[in-house]
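*Asks:* To start, I am sharing the structure in question, which I have written as structure tokens.
What follows draws every value from the coordinates through simple rules; no lab data is involved. The shown structure was predicted, so the numbers you read here are calculated from the model rather than taken from an experiment. Cβ coordinates were reconstructed from backbone atoms using ideal geometry, including for glycine residues, and neighbour counts include every protein chain displayed.
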Amino acid sequence: MTKTIQDMLKEQPSQASSSSNAQSIEYIDTVDAYDKWAEIYDTDGNFLQRLDTIEMRTLLPQFLNRVNARFHGTDPFKLVDLGCGTGRNTIQLLEAVSACEKNQKTSTQVTHRPSVEVIGVDASAGMLEVARTAIQSATRELNSTTVSLGTLNLLQTISDKSQLPESLQDGAVGVISTLVLEHIPLKAFFKAASAIMRPGAYFLVTNMHAQMGSLSQAGFTDPGTGVKIRPTSYCHSIADVLAAAAEAGFQVEPLEEECGGGEVLERTVDEELSGILGVRATKWIGIQVWFGVCFSKV
């Protein structure tokens, strides 16, 4: 059985002991935790979300360029945000699609491409409700893109298309999943992604770095009780992620030079970055906290 971050921290003497002034921590079911977190998820100062948003501004256009190059003219042209949460990166994906379409309209080459459909799925009804409101507000001018939201629990076994919502059964050409993998066993995560995707489709994944995961995990302070709420989390190393992806039939796609090239983009907090990310990032200076990688389904 895969060991959780909670189990790892219990084994560390410095974490196991606590003073009388230590904040109370409650571990609860992952979906329940995110239902409770939804209302303040985008406003509680989580620096890892902020870093992820910044990095996706560069990664998403590269991702879409690859998807368009391989699947131009494909109908249906579906893009999925797997574990969309409050729609933070669903909105960035929509904006990137809109920018890509505007660039195509100014091109002298006349080509046809069906309308894009973006689908956000998550296990948390609370997160989806926040996402629905945020996306409606952000997409009033993006009329050429169809957007829908639905429920999908990655913690349940999903090994083939028959277990998916009908909207996902004809296969996505591109999938993103950001800061989700921390909460899902690797085998289940990549099986579900594979079931959603067409052969050759691209899969952009970001996650908390294992160096940060060895010290902490996702969570929030309940504003009503002051108790720290934590869902189940796993400390996935990059090596383990790449191995699990390969076993599930994915290959790594090299990153563009502006993202450093190579297979995996990693970020360490330094003084300059902590100033951008906010006060909660200062305690993580010198620690690797985030990584991103792009796969394609073989």
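*Asks:* Less than 17 Å apart at the alpha-carbon level, and either on another chain or at least 8 residues along: which lysines does that give for K228?
*Replies:* K10, K36
*Asks:* Could you tell me the largest-minus-smallest coordinate of the C-alpha atoms of the range 143-298 on each of the three principal axes, in descending order and whole angstroms?
*Replies:* On the principal axes, the range 143-298 reaches 45, 44, 38 Å in Cα extent.
*Asks:* Taking neighbour counts of Cβ atoms within 10 Å as a proxy for exposure, in what order, fewest first, do L59, L64 appear?
*Replies:* Neighbour counts put them in this order, fewest first: L64, L59.
*Asks:* Just name one of N46, L242, S159: the one whose Cα is farthest towards the positive end of the charge dipole of the chain (beta-carbon charges, Lys/Arg +1, Asp/Glu -1).
*Replies:* The residue sitting farthest along the positive end of the dipole is S159.
*Asks:* Something else: Kirkwood hydrodynamic radius of the chain from all distinct Cα pairs, in Å?
*Replies:* For the chain, the Kirkwood estimate is 19.9 Å.
*Asks:* For the residues E257, E247, E95, what sequence is obtained by ranking on other C-beta atoms within 10 Å, fewest first?
*Replies:* Ranking E257, E247, E95 by Cβ neighbours within 10 Å, fewest first, gives E257, E247, E95.
*Asks:* When only C-alpha pairs under 8 Å and at least 6 residues apart count, what is the relative contact order of the chain, in percent?
*Replies:* RCO, the chain: 23 percent.
*Asks:* Now for a different question. Would you list, by chain and number, the lysines whose Cα falls below 23 Å from the Cα of K297, excluding same-chain residues fewer than 8 positions away?
*Replies:* In chain and number order, the partners are K78, K161, K187, K191.
*Asks:* Tell me which residues come under 5 Å, amide H to amide H, from V80 once H is placed; ignore anything under 5 positions away on its chain.
*Replies:* Result for V80 returns I119, G174, V175, I176.
*Asks:* Same structure, new question: Relative contact order for the range 160-238: what is it in percent, counting Cα pairs under 8 Å that are at least 6 residues apart?
*Replies:* It rounds to 33 percent for the range 160-238.
*Asks:* Which shape class applies to the range 133-214: rounded if a/c is under 1.5, otherwise prolate when a/b exceeds b/c and oblate if not, where a ≥ b ≥ c are the square roots of the Cα gyration tensor eigenvalues?
*Replies:* oblate
*Asks:* Let me ask something additional. Show me the helices of the chain, taken as full DSSP H stretches, that run 18 Å or more along their long axis by Cα and average 0.5 or above in Kyte-Doolittle hydropathy.
*Replies:* Span-like helices in the chain: 125-138.
*Asks:* Can you find, among W284, T221, A123, the residue sitting farthest towards the positive end of the charge dipole of the chain, where Lys and Arg contribute +1 and Asp and Glu -1 at Cβ?
*Replies:* Comparing the listed Cα positions along the dipole, A123 ranks first.
*Asks:* By the gyration tensor of its Cα atoms, with a ≥ b ≥ c the square roots of the eigenvalues, what is the shape of the range 224-298: rounded for a/c under 1.5, prolate for a/b over b/c, or oblate?
*Replies:* Oblate, since a/c reaches 1.5 and b/c is not below a/b.
*Asks:* Students often check this: by mean Cβ neighbours within 10 Å, which of 278-284, 160-166, 149-155 ranks highest, and how do the rest follow?
*Replies:* Result, highest mean first: 149-155, 278-284, 160-166.
*Asks:* How do the peptides 229-242, 79-92 rank, highest first, by the average count of neighbouring beta carbon atoms within 10 Å per residue?
*Replies:* Going by the mean number of other Cβ atoms within 10 Å, highest first, we get 79-92, 229-242.
*Asks:* At 222 nm, what value in deg cm²/dmol follows for the chain if DSSP H runs of at least 4 each add -39500 (n - 2.57) and the sum is divided by all its residues, to the nearest 500?
*Replies:* -11000 deg cm²/dmol
*Asks:* Something else: For each of K228, K10, count neighbouring Cβ atoms within 10 Å of the residue's Cβ, then give the residues from fewest to most.
*Replies:* K10, K228
*Asks:* I've got another one for you. When the dipole is taken about the Cα centre of the chain, and only Lys, Arg (+1) and Asp, Glu (-1) are charged at their Cβ, what size is it in debye, to the nearest 20?
*Replies:* Dipole about the Cα centre, nearest 20: 340 debye.
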